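Engineer: I'd like to ask you about the structure that follows.
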Amino acid sequence: MTQRQVRVRIAPSPTGYVHVGTARTAIFNYLYARHYGGKFLVRIENTDRKRSDPALIEPILEAMKWLGLNWDEEIVYQADRLETYSRYAQQILADGHGYRCFCPPELLQKDRDEAQAQKRTPHYNRRCLNLSQEQIDSRLADGKPYTIRIRIPEGEPRFDDLVSGELTRRSEDIEDFIIARSDGSATYNLAVVVDDHEMGITDVIRGNDHITNTFKQIQIYRALGFEIPRFAHVPLILRPDKKKVSKRLGDKDVMAYREEGILPEAMFNYLCLLGWSSKDDREFYTVPELIDIFKAENFNPSNAIFDEEKLVAINREHIVRKTDHELAAIVAPLLVEAGLTSRYWLETRWDYLRAVVGLLKERVRRLQDFVTLSGYFFAFDYRYDAKAVAKQFTVEKADLLEELADRFEGQAGFTHQNVEATLSALAEEKGVKRAELIHPVRLAVSGIPAGPSLYEMLVVLSQPVVVERMHRAVDYIRSPGGS
Ligand code: GLU
């Protein structure tokens, strides 16, 4: 085969969403194009008029954009190309690679029922293959409707799959399938071949549920004299219980993961591991790294299992590696949406937000965790955790907290080191363990018993806020029913 510039495509059928398997296949095509310096194209398979509704198409493009799968040329819509397909069907007929089939649907159904009763695979029995020209003309003159079938030649078609190696199928197992319906409209496989040819597709990377279609499509390529592309049939994505992901079972819109706080680069990274591996046991990759190392040899033929836990673990790694500034930009709208703060408030406190996300990022698995973990950084009216109050807010602790608050107030340079030294000195003076101060202080300034490193947290909250919150806790403990 001549070395042409690589051109690949993703060809989703409009369904209003992008299933993780389709997203994964789109990612493979994208990486393949970028790695080999080629083009990545999009074709919308909407020959069915009902599927031309923008509500079914837009979400697909939105998901592609979210994942950063930028396509290189104008999108091809099959709905715009119906006449072209019909023209090619006529060409196959005219060249003798196809024939008219006048068999009425009821007769075909009867054939199928018979085959089933005899436990044979139903195949068209070529009743119309050898009609004479006279027979054809008379049926046409009678206005009898007909479909066009492709004539499958003898032989054993084979192709080298980039994932699974050589695949073969006996010709007898491929029936003379219909390429154009009785209304002249082309069927799916013809449309795909015509488009892949006219779009100059060099490599077809798609799910291995299309292998049977590929054998049919190869017959069409041959009939039309088109160059046959390379094929890569990637394994299906299975659920952790090894069941096939389906509409009913765990089929999920890739965008649902955005709502669940998954970063697009984490989704990209994780999906890439399903059916491909660099063979070095690495799992964390950035997109530029993947572009660099994505080779066709590394497709993996075994079925891939979608494990949400692993996705979340990879998400965590991507979160940790982002700069605090990048994270602040991502988290700000989530905080506003959750009502924790306002855009206006954040605009003047960008450094504060940056410090907060920096403090929390090691503890976060999904982006939403920033919202659940950071409430007390933005709200002053938080409640104290009742269980922790019973343990930490004793009357003796009120005295200690009060003393420490006073010392913090007079502290010059409210830094990690200074704050720690002040707390340690007080603990030593009073003959108590540091933990006996650390826990009530944490509860006083955050309302909860766990969180990031205390000293860092105090510095981020700032001296006046910490002092005020500690005094408030002291008042709370001393109030009737407070401890
Ligand atoms: N529309 C097909 C699908 O969504 C695409 C098949 C192909 O890539 O050729 O599975």
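The values are calculated or read from the model by the stated rules, or taken from the named source; none is laboratory data. Since the structure is predicted, the reported quantities are computational estimates derived from the model, not experimental observations. Neighbour counts are summed over all protein chains in view; Cβ atoms, including those assigned to glycine, are modelled from backbone coordinates with ideal geometry. SASA here: full protein model, heavy atoms, side chains in, ligands and nucleic acids out. Shrake-Rupley method; radii C 1.70, N 1.55, O 1.52, S 1.80 Å.
Engineer: Whether any residue in region 173-181 is open to solvent by 20 Å² or more (accessible area, probe 1.4 Å) and either closer than 25 Å to Phe294 by Cα or without any contact (Cβ under 8 Å) to a residue 24 or more places away in the chain (or both) is what I want to check.
Structural biologist: no
Engineer: Given the condition open to solvent by 60 Å² or more (accessible area, probe 1.4 Å), part of a loop (DSSP other than H, G, I, E, B) and farther than 20 Å from Arg363 by Cβ, answer yes or no: does some residue in region 440-456 qualify?
Structural biologist: no
Engineer: Look through Ile10, Ile60 and report the one residue that is modelled with pLDDT of 95 or more, within 11 Å of the ligand (Cβ to nearest atom) and over 21 Å from Ala296 (Cα atoms).
Structural biologist: From the options Ile10, Ile60, the qualifying one is Ile60.
Engineer: Which residues, counting only those in region 290-304, are more than 18 Å from the chain's Cα centre (by Cα) and part of a helix (DSSP H, G or I)?
Structural biologist: Of everything in region 290-304, those that are more than 18 Å from the chain's Cα centre (by Cα) and part of a helix (DSSP H, G or I) turn out to be Asp292, Ile293, Ala296, Glu297, Asn298.
Engineer: Being within 11 Å of the ligand (Cβ to nearest atom), modelled with pLDDT under 95 and not β-branched (Val, Ile, Thr) narrows it down to one of Asp209, Asp195, so name that one.
Structural biologist: Asp209
Engineer: Continuing with this model, one more query. Show the residue pairs that are 6+ apart or on different chains and have beta-carbon atoms under 6 Å apart, the first residue being within region 186-212 and open to solvent by 10 Å² or more (accessible area, probe 1.4 Å), the second being more than 10 Å from the ligand (Cβ to nearest atom) and assigned to a helix (DSSP H, G or I).
Structural biologist: Every condition considered, the pairs that remain are Ala186/Tyr85; Ala186/Ser86; Ala186/Ala89; Asn189/Lys216.
Engineer: Does any residue of region 230-241 turn out to be of a type in the set (A, V, I, L, M, F, W, C), within 16 Å of the ligand (Cβ to nearest atom) and in contact with a Pro (Cβ under 7 Å, 6 or more places away or on another chain)?
Structural biologist: no
Engineer: Looking only at residues in region 383-411 that are in a loop (DSSP other than H, G, I, E, B) and under 18 Å from Arg478 (Cα atoms), which one is farthest from the chain's Cα centre (by Cα)?
Structural biologist: The qualifying residue farthest from the chain's Cα centre (by Cα) is Thr394.
Engineer: Same structure, new question: Which one of these does Asp161 not meet: (1) in contact with a His (Cβ under 6 Å, 6 or more places away or on another chain); (2) open to solvent by 60 Å² or more (accessible area, probe 1.4 Å)?
Structural biologist: Condition not satisfied by Asp161: (2).
Engineer: Another question, then. Any residue at all in region 104-123 that's closer than 27 Å to Asp195 by Cβ, more than 42 Å from the chain's Cα centre (by Cα) and assigned to a helix (DSSP H, G or I)?
Structural biologist: no
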